[in-house]
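Take a look at the structure set out below.
Computed from the coordinates by the stated procedures, all read-outs in this text should not be read as laboratory data. For clarity, every value in this text was computed on a predicted model and none was experimentally measured. Note that each Cβ is placed from the backbone with ideal geometry, even for glycine, and that neighbours are counted across all protein chains shown.
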Amino acid sequence: MSDIATVVDLLTDALGADAVDVDPASLASASHDTWPVSTKWARQDEHPYPADVVARARTEQDVVAVLRVADETGIPVTPRALGSSVTGQPLPTRGGIVLDVSGLVGPHSIDEIDMTVTAPAGTNGGELEDALNAAGWTMRFSPQSLYRSSVGGWLATLATGQFSSRYGGVEDLVVGYRVVLADGEIAELTASPRAAMGPDLRRLFLGSEGTLGVITQVTYKILPLPADQRLQAFRVPDVPAGLAIMREQAAAGLRPFLLRFYDTDEARHAMADPGFDGPVLFVGTEGEPAVAAAEMGVLTEIAARHGATTLGPEPAAAWMGRRFDFSTVEKRLDTPGGFAETIEVAHTWRHIHGLYTDVKAALAPLADEVLVHFSHVYPQGTSMYLILLGQVADDAAATARLEEIWATAMRVCLDHGAELSHHHGGGLARSPYSRRSLGSAHRVLRRLKHALDPDALLNPGKLGL
């Protein structure tokens, strides 16, 4: 590996001095994301994974140049966009270059005939969605981080959105993309609209977290804005009843755009009512008015069969208005000794209630509140999202508690055979558990890594690699 001064000189020659940064404040900023553990490190002025240099790409050719410098010098490269990861994905575990791709921005292109939008990978997702809405279109992709995340980052982390029960995850949204490989070669992966010429190579880099290549441009599906929307909230007798409603509607082939079921502890937050005394289900349908009305009617019948009663549309509408608000977690983390964490997992219908019971019991002694909701539904099962809030003596104790929470949650999930991540990806938080979670499939991942990045320079330390 070359010394960092040589690398800085090569990067400066390739990108220009204004795109290469070794300022200590910049390096510190590039060495953290919004993972609560990393947030607590930053509050204590601790930087366990410091970058050596930040290289800011403004074009695809800049990305090519950086990866060729890395290939030539043997220095690791950690891609980073808007830094909204909550699991430590863009933290440079071996130092080296942090490749900032948030500057890959510029005009987007809407194809109204084929119903697609193409944009540079660093484009802010919320800004793109706003521009599409102004033109009468939508991606209908709505992660809580919509206005904090990039459209390329969605692919790299295999993200999904709050409306996935109707529109699916990013794997259902993507049409094609461009990626720069470890040696600087550019590959374009697409299908028009579907292809059966060998494996679906578009899937190869989805969820790879920058370990196999750097995404530079994306093309996503778009739809006309929905003509109608219906909302409803239901009081539900208990958690098994709520899960039964979700399973039955999935089996019936319904496609509500909104389907969020909260246990009693989180229902108090969802309803903004500390005295609310039971689980609650928020439902939304949309599309052509007759279809949206019919789907809501069937959903209401299914809910009633399981003992649910209607509360009106207002609670669900209120949630729609604040669905991007992350302030509860942020405020707690910004308090000395305060801690907050979000962990999302998934399991089948057969096993999800047992997982819920055991993981909540295991985590209860570690936090003041353990809140749970189920919000992404499939014919075979559902995701489960945990929010933990608590207070300890100081930030050092909070860091230790967060690490204990992760170890406990992952142990219980592995014991249950659950998916360790539904949509936040692996990052540093889950990397130690990746091999056990993936089992024999991890051997395939390792072989892909060796083939595409034989010197292991791209985002080392993630996905158990």
For Cα pairs less than 8 Å apart in space and 6+ apart in sequence, what is the mean separation divided by the residue count of the stretch 109-224, i.e. the relative contact order in percent? 35 percent
Looking at H351, L388, H423, which one has the Cα that reaches farthest to the positive end of the dipole of the stretch 327-441 (charges on Cβ: Lys, Arg +1; Asp, Glu -1)? H351
Kindly put R166, R194, R203 in sequence by how many other C-beta atoms sit within 10 Å of each C-beta, fewest to most. R194, R203, R166
With the contact rule set at Cα under 8 Å and sequence spacing of 6 or more, what percent relative contact order holds for the chain? 16 percent
For the stretch 170-243, inverting the pair-averaged 1/r of distinct alpha-carbon atoms gives a Kirkwood value in Å of 15.7 Å
Cross-link reach from K40 to lysines, straight Cα distance under 16 Å and at least 8 residues apart if same chain, gives K331
What are the radius of gyration and Dmax of the stretch 109-224, computed over its Cα atoms and given in Å? 13.5, 40
Cα centroids of the stretch 181-246 and the stretch 289-344: how far apart, whole angstrom? 22 Å
Pick the calculated mean projected area of the Cα convex hull in nm² for this structure from (1) 21.6; (2) 27.4; (3) 24.6? (1)
Under the helix-only model (-39500 (n - 2.57) for each DSSP H run of 4 or more, divided by the residues of the chain), the mean residue ellipticity at 222 nm, to 500 deg cm²/dmol, is -11000 deg cm²/dmol
Nearby lysines by direct alpha-carbon distance to K449 (threshold 23 angstrom, same-chain neighbours under 8 apart not counted): K462
